[in-house]
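Reviewing the structure listed below.
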Amino acid sequence: RAFIEGPGFTSETTRTIAIQLRSGALPLGLELTQERNVDALLGEDSLRRSLVAGSIGMVILLVFMVSYYRIPGVVSALALFSYAIILLSIFKILPVVLTLSGAAAVILSLGFAVDANVLIAERTKEELRAGRGLLAAINTGFDRAWPSIRDGNLSTIIVASVLFWFGDRFGTSIMQGFALTLVIGVMLSMFTAFFASRVFLRAIASTPVGKKTGLFMPVSDEIENSGRS
């Protein structure tokens, strides 16, 4: 039995609803297999914990990048801060509601941004090892890293677009939110990793710090060179 109450019901609307309910009824019994009560605060708590976990992971990641890659690590940290500010601004302008799946997509896109900076740092290191000057090594390193960054991010965008299409067809809003947030984050990570990092790295190389080429090499290379000497 079910009861529907409200001030807007008349005898005619009540009769119509009763007919509609009876017309769709099937002579089948129902068996209760599972019953769950989900509090509205549960999703809020999960989202808060996810953001806290993402923040802790980002801090640990930045500490590793700066301590291992030195100046390129500092540049990647600046690029990630720029990425976070621009991404939050985009979410505010559109606007985008940051759900639990959206937070996961943001954290995943942060990984893509860091991966791009690692590729750039390694390519720049190889050019410095080959005997190029610092500015030439930076330009060549970015040019050599760009195809890998572009292909990896474009493949992610394609997959996210397919997820968004399936989410739209099957009415899965969680999948759509994840895919949309991931596409925005990956596209922005390409911009910050390639253009913002390039500006920051060239600016630092133009200062007196640029004369110390060793600061642009990872710690492992210094240990390796000292071991050889």
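Please identify which residues in segment 179-205 have an amide N closer than 20 Å to a label point set 7 Å out from the Cα of Val97, following the Cα→Cβ vector.
Hits in segment 179-205 for Val97 at 20 Å: 179-185.
Using the beta-carbon distance between Ala104 and Thr14 and R0 = 45 Å, what value does 1/(1 + (r/R0)^6) give for FRET efficiency, to the nearest 0.05?
Details: r = 46 Å, r/R0 = 1.02.
E between Ala104 and Thr14, to the nearest 0.05, is 0.45.
Which one is right for this structure if percent of Cα pairs over 25 Å apart is calculated from it: (i) 57; (ii) 41; (iii) 53?
Of the listed options (i) 57; (ii) 41; (iii) 53, (i) comes from this structure.
Which FRET efficiency value, to the nearest 0.05, do you get for Glu44 and Tyr68 by plugging their Cβ-Cβ distance into 1/(1 + (r/R0)^6) with R0 = 35 Å? Walk me through the intermediate numbers first.
Values: r = 36 Å, r/R0 = 1.04.
After rounding, the FRET efficiency stands at 0.45.
Counting only protein heavy atoms, what percent of the accessible surface of the chain is carbon or sulfur at a 1.4 Å probe?
Values: 9630 of 14690 Å².
Exposed carbon and sulfur together represent 66 percent of the surface.
Once label points are set 7 Å from the Cα along Cα→Cβ at both Met187 and Lys212, what is their separation, rounded to one decimal in nm?
4.0 nm
Given only helices, namely DSSP H runs of n ≥ 4 each adding -39500 (n - 2.57), what is the per-residue ellipticity at 222 nm of the chain, to the nearest 500 deg cm²/dmol?
Details: 8 runs with 171 residues, N = 229.
It comes out at -26000 deg cm²/dmol, rounded to the nearest 500.
If you place +1 on the Cβ of every Lys and Arg and -1 on the Cβ of every Asp and Glu, how big does the dipole about the Cα centre of segment 98-226 come out, in debye to the nearest 20? Can you show the working numbers first?
Details: 11 positive and 10 negative charges, 71 e Å.
Approximately 340 debye in magnitude.
Mind listing the phi-derived Karplus ³J(HN,Hα) values for segment 108-114, rounded to whole Hz, using 6.51, -1.76 and 1.60 with θ = phi - 60°, and x for any glycine or proline?
Each residue's phi maps through the Karplus curve to give 5, 5, 4, x, 5, 5, 5 Hz.
Compare the Cα positions of Ile93, Val114, Thr33 along the charge dipole of the chain (+1 at Cβ of Lys, Arg; -1 at Cβ of Asp, Glu; about the Cα centre) and return the one farthest towards the positive end.
So the residue furthest toward the plus end is Val114.
Which of Leu32, Leu100, Leu128 moves most in a GNM of the chain, Cα contacts under 10 Å?
Judging by the Gaussian network model, the answer is Leu32.
Can you tell me how much longer the chain between Val162 and Ile90 gets when fully stretched, taken as 0.36 nm per residue apart minus their C-alpha distance, in nm with one decimal? Present the calculation step by step, with values, prior to reporting the outcome.
Values: separation 72, 0.36 × 72 = 25.92 nm, distance 2.23 nm.
Stretched out fully, the Val162 to Ile90 stretch lengthens by 23.7 nm.
In square angstrom, what is the accessible area per residue of the chain with a 1.4 angstrom probe? Could you put the intermediate results ahead of the total?
Numbers: 14690 Å² over 229 residues.
Per residue, the chain has an accessible area of 64 Å².
If you place +1 on the Cβ of every Lys and Arg and -1 on the Cβ of every Asp and Glu, how big does the dipole about the Cα centre of the chain come out, in debye to the nearest 20? Mind showing how you got there, number by number?
Values: 20 positive and 17 negative charges, 139 e Å.
In debye, rounded to 20, the chain gives about 660.
Averaging sequence separations of C-alpha pairs under 8 Å and six or more residues apart, then dividing by the length of the chain, give the relative contact order as a whole percent. Walk me through the numbers before you get to the answer.
Values: 186 pairs, mean separation 58.4, N = 229.
Computed value for the chain: 26 percent relative contact order.
Taking the Cα centre of segment 136-211 as origin, sum charge times position over the Cβ atoms of Lys and Arg (+1) and Asp and Glu (-1), and report the length of that vector in debye to the nearest 20. Could the numbers behind the result be given before it?
Details: 6 positive and 3 negative charges, 61 e Å.
For this selection, approximately 300 debye.
So for segment 160-205, averaging the separation of alpha carbon pairs under 8 Å that are six or more residues apart and normalising by length, what relative contact order in percent results? Let's see the in-between values first.
On the way: 22 pairs, mean separation 13.9, N = 46.
Relative contact order for segment 160-205 comes out at 30 percent.
Can you give the longest stretch of the chain with no exposed loop site, where a site means GluC sites (Glu not before Pro) in a DSSP loop (not H, G, I, E or B) with at most 11 other C-beta atoms within 10 Å? Write out the running numbers ahead of the final one.
Numbers: sites that count: Glu5, Glu31, Glu35.
Within the chain, the longest run free of exposed GluC sites (Glu not before Pro) spans 36-229.
The values are calculated or read from the model by the stated rules, or taken from the named source; none is laboratory data. These numbers come from a predicted model, not from an experiment. Using ideal geometry, Cβ is built from the backbone for each residue, glycine included, and neighbour counts are taken over all protein chains shown. When the accessible area is computed, the model is the full protein with side chains, heavy atoms only, and any ligands, DNA or RNA have been set aside. Shrake-Rupley method; radii C 1.70, N 1.55, O 1.52, S 1.80 Å.
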